[in-house]
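Worksheet for the structure shown next.
Nothing in this text is a laboratory measurement; each read-out follows from the coordinates by a stated rule. Model, not experiment: these values are computed from the prediction. All Cβ positions, even for glycine, are placed from backbone atoms using ideal geometry, and neighbour counts span all protein chains on display.
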Amino acid sequence: MLSSWWALKWREMKASKHSYILLAPYMILFMLFTVLPVLISIVLSFTYFNMLEFPRFVGWDNYTRLFLEDDIFLTAMKNTLLFAAVTGPVSYLACFIFAWIINELGPKMRAFMTLVFYAPSISGNVYFIWLIIFSGDRYGIVNGFLIKLGLILEPIQWLKTESYIMPIIILVQLWLSLGTGFLAFIAGLQTVDKTLYEAGAVDGIRNRWQELWFITLPSMRPQLMFGAVIQLTTSFAVADVSIALAGFPSVNYAAETIVTHLIDYGTTRFEMGFASAIATVLFVLMVGTNLIVQKLLHKVGE
């Protein structure tokens, strides 16, 4: 039975050999630069490796230290989960809503508005702008505005005060979130078959919300899946905005995330085994969350 199954699969592969040949360059690069590094990182997470000595197997010691002894990691995980819970869903919905609205515009205006909304995510000096806005002196835009209104007498150290740091970082990340997922939604909306709306009207669809739920969203499930993966990965992998605005490390680790903790141990302390354990935990969190979201998205339009 098994041999006949393999024979059938082998015949199918031979019949599609040209497709496999075309896929080979991508698959080789994907295996070498994505799958293999992940597997190596998982293996290293069970070792002590300081970049100078050969890795030494230590079993679960890195994970025990991570969850039972490293208080900063627990703070980083709490910050990351909070950040992902807020920015992930909000940025995902914002990407779709803005894409849906922009898609209703004419071609030239649609192209212009797409550029306007996408530009912040590719701007190199975006953090410099926000540093001016939340500067801790009287010349900071927020401080100057509040002092002028008489709401405060002395400037607030926005990026040095623990209670303000995380809300500011969340705000900036939401502003930056209209990136690749946003473009995917624009592309997906453009590919929806317009005849489906006419057929839907005949079948009893009466308003735009019903069109959205029963036609538009089911027609662009691949783009919805892609956007979910991108937005969730971005929300879990936040680091640049935290380091640029709050410093490295931030005040009382108020903006510490799993990735900044990973950077600390991987590029500063060179404890690669422990850093690999952090990366593995982050990988499991990302994969688990993406699987849950994909199951939820499969129910769209039902």
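Each of PHE134, ALA94, SER242 was scored by the projection of its Cα onto the charge dipole of the chain, and the greatest displacement toward the positive side belongs to ALA94; charges sit on the C-beta of Lys, Arg, Asp and Glu. Prolate is the label for the range 130-259, because a/c, from the alpha-carbon gyration tensor with a ≥ b ≥ c as root eigenvalues, is 1.5 or above and a/b exceeds b/c.
Between LEU93 and ASP61, residue separation times 0.36 nm minus the direct Cα-Cα distance comes to 7.5 nm.
Here the range 1-44 was treated as a single set of alpha-carbon atoms; its pair distances binned every 5 Å from 0 give 5, 20, 13, 13, 15, 16, 13, 5, 0 percent.
Magnitude of the charge dipole for the chain, about its Cα centre and with charges confined to Cβ atoms of Lys, Arg (+1) and Asp, Glu (-1), is about 900 debye. Quick one: if the Förster radius is 25 Å, what FRET efficiency do ALA199 and LYS9 give, using the C-beta to C-beta distance and rounding to 0.05? So the FRET efficiency works out to roughly 0.05.
Largest GNM mean-square fluctuation across ALA237, ALA24, ALA94, computed for the chain with C-alpha springs under 10 Å, falls on ALA24. Distance between the 7 Å Cα→Cβ label points at ILE263 and VAL43: 2.9 nm.
Protection proxy ranking for 140-150, 26-36, 266-276, using the average of other Cβ atoms within 10 Å per residue and placing the highest first: 266-276, 140-150, 26-36. On the beta carbon distance between ILE133 and GLN190, with R0 = 30 Å, the FRET formula returns roughly 0.30.
Which percent of the Cα-Cα distances in the chain go past 23 Å?
Cα-Cα pairs in the chain separated by more than 23 Å: 69 percent.
Comparing THR257, THR216, THR87 in a Gaussian network model of the chain where C-alpha atoms under 10 Å apart are linked, the largest mean-square fluctuation is found at THR216.
Amide H contacts of THR47: VAL58, each under 5 Å away and 5 or more positions distant or on a separate chain (H built 1.01 Å from N in the peptide plane; Pro and chain starts excluded). Taking θ as phi - 60° and the Karplus parameters 6.51, -1.76 and 1.60, the scalar couplings of the range 150-158 work out to x, 7, 9, 9, 10, x, 9, 7, 4 Hz in sequence order, x denoting glycine and proline.
A simple rule links phi to the HN-Hα coupling: the Karplus curve 6.51 cos²θ - 1.76 cosθ + 1.60 with θ = phi - 60°, which for the range 118-123 gives 7, 4, x, 6, 10, 6 Hz, with x for Gly and Pro.
Distance between the modelled labels on LEU29 and ILE141, one decimal in nanometres: 3.8 nm (7 Å Cα→Cβ projection).
Hey, in the GNM for the chain with a 10 angstrom Cα cutoff, which one of GLN190, GLN173, GLN223 fluctuates hardest? Answer for the Gaussian network model of the chain: GLN190.
Within straight-line reach of LYS160, meaning a Cα separation under 29 Å, sit the following lysines at least 8 residues removed in sequence or on another chain: LYS78, LYS148. Straightening the chain between LYS295 and VAL116 buys 61.2 nm, computed as 0.36 nm per residue apart minus the Cα-Cα spacing. Cα centroid distance between the range 178-235 and the range 122-164, in Å? Each part's Cα centre sits 38 Å from the other's. Considering only LEU39, LEU212, ASN79, the residue lying farthest towards the positive end of the dipole of the chain is LEU212, judged by Cα position with unit charges set on Cβ. Computed 3J(HN,Hα) for the range 281-293, one whole-Hz value per residue from the Karplus formula 6.51 cos²θ - 1.76 cosθ + 1.60 where θ = phi - 60°, is 4, 4, 4, 5, 4, 5, 5, x, 5, 5, 5, 5, 5, glycine and proline marked x.
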